[in-house]
Amino acid sequence: MEEALVRARIPRELGKILGVESQIKSKAEAFTQAFLKNSIQQPTKHDLKSMLSHKAVVLGFTRPKKDKSKKSSKRAKGLNARQKRELKVFQIKPEHQRYELFLPLHELWKQYIVDLCGGLKQTSCPQFVQQKLLKADFHGAIISVVRSKCPSYVGKTGILIQEFKHVFKIITKEDKLKVIPKRNSVFAVEINGFVSHIYGTKFEQRASERSAKKFKVKGTIDL
């Protein structure tokens, strides 16, 4: 670029119009060097010719090294089914199998259902309430067995304290823990005058799985 500036000569006609005169190579080179030195505000060690060459400069780049001293946090693993059985996680101690201990849980469940259904009123649509109950959590509900292929289960009533995939565990007013299989049983749930029936065969899922399931609105034949 510098050599191009030095060697370029102004045409005579253009020089007359501009009122300038082309200089010889040595004078032009000296003027260019002086002009560049005055134009650069900060002193630099680089040669002016290299600055004007317009050559691409490849900058070296290295990725920062990971600090191996910091151990990556591992995701906590939960207990598997066998470990839970060995630790008796789901077993309720005999001294805790008392009906009155779970009455506060029942009161919380009733308020939970009322809020879930937007307030239970006489004008509430039964189909709407039923759809909400299909995905609701029943821990704390008072359920009764109204039909079953096993006659000994019929009439059992209590607060639902544990729900598993295939069974309901309820505590009766006599402080008895009863395990009722869902299959081939029909349960009744009463909330503020609304009585809803649960077909246990259709409820053979965990509560968490049922809340995400899409139920088809159709009739069912059970028992």
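Each value in this text was obtained by applying a stated rule to the coordinates, not by laboratory testing. Since we're looking at a predicted model, the values are computed, not measured.
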Quick one: which residues, 5+ away or cross-chain, put their amide H under 5 Å from the amide H of SER185? H built at 1.01 Å from N.
GLY200, THR201
³J(HN,Hα) across the stretch 90-107 via Karplus (A = 6.51, B = -1.76, C = 1.60, θ = phi - 60°), whole Hz, x for Gly/Pro?
8, 8, 9, 5, x, 5, 9, 8, 10, 4, 5, 5, 9, 5, x, 5, 5, 5
